[in-house]
1. Pick out the one residue from LEU86, LEU52, LEU105 that is over 16 Å from LYS135 (Cβ atoms), in contact with a strand residue (DSSP E or B) (Cβ under 7 Å, 6 or more places away or on another chain), within 16 Å of the ligand (Cβ to nearest atom) and among the aliphatic types (A, V, I, L, M).
2. Can you report the number of residues in segment 24-58 which are part of a loop (DSSP other than H, G, I, E, B) and either basic (Lys, Arg) or in contact with a His (Cβ under 6 Å, 6 or more places away or on another chain) (or both)?
3. Do we have GLY61 as in a loop (DSSP other than H, G, I, E, B), exposed (fewer than 15 other Cβ atoms within 10 Å of the Cβ) and away from the ligand (no atom under 16 Å from the Cβ) here?
4. Could you list all residues from segment 40-49 that are in contact with a Leu (Cβ under 7 Å, 6 or more places away or on another chain) and more than 7 Å from the ligand (Cβ to nearest atom)?
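Values quoted throughout were computed directly from the atomic coordinates according to the rules given, and no laboratory measurement underlies them. All values derive from a computational prediction rather than experimental measurement. Cβ sites come from the backbone with ideal geometry, for glycine too, and all protein chains shown count toward neighbours.
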Amino acid sequence: MGADMMGYLVKGPAKLSKVAIARAKKEYWALCQEMNKEGQRKCLNCERLVGLGEERCETCGDPLHEWPRTKAEADTEVNNMAADWLPSYRDVACRSDPDDPEQFLVFAGDMSYGDAPEGAGYKYLQELLTTGIGKALGIR
Ligand SMILES: [Zn+2]
């Protein structure tokens with residue numbers, strides 16, 4: 001038995017537009033309101049819905065994402081995520097897309113025996129993908 005490579009590979013624009021960031025703020029705030037209204041939180045690791053009041057996911061044990069309760073907090077989260085694009089963490093590899101120089105391919109991950117990688121780049125891409133912020137920014 002050996003370790004397996006575990007990671008995320010995404011494609012997104014070389015530079016995020018103001019329009020994309022504004023759209024991401026709108027969509028993320030709508031999702032935050034929905035998540036808070038239903039009294040549930042979504043685990044960012046395994047995407048299970050967990051009731052409010054839980055600190056950790058019942059399935060995988062990961063700490064749960066705190067959905068912002070105000071528009072200002074949600075906007076700040078989107079601004080921070082957008083400011084980190086293109087990510088330059090130590091566990092990230094990226095290159096321009098040879099078929100489309102306007103786009104970048106970004107990978108983040110690590111060798112793993114089963115646990116999710118600890119790297120900042122991996123966690124960043126995971127949050128981008130599971131909060132819907134990435135999709136709204138044109139990162140998929
Ligand atoms: Zn989980």
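1. Values: LEU86 fails: within 16 Å of the ligand (Cβ to nearest atom); LEU105 fails: within 16 Å of the ligand (Cβ to nearest atom).
Answer to the check: LEU52.
2. The first filter runs over segment 24-58 and keeps only residues part of a loop (DSSP other than H, G, I, E, B), leaving 38-39, 43-48, 52-55, 57-58.
Retained after the next criterion (residues that are either basic (Lys, Arg) or in contact with a His (Cβ under 6 Å, 6 or more places away or on another chain) (or both)): 44, 48.
Count: 2.
3. Working: in a loop (DSSP other than H, G, I, E, B): yes; exposed (fewer than 15 other Cβ atoms within 10 Å of the Cβ): yes; away from the ligand (no atom under 16 Å from the Cβ): no.
No, not satisfied.
4. Initial filter on segment 40-49 (in contact with a Leu (Cβ under 7 Å, 6 or more places away or on another chain)): 40-43.
Across segment 40-49, the qualifying residues are GLN40, ARG41, LYS42.
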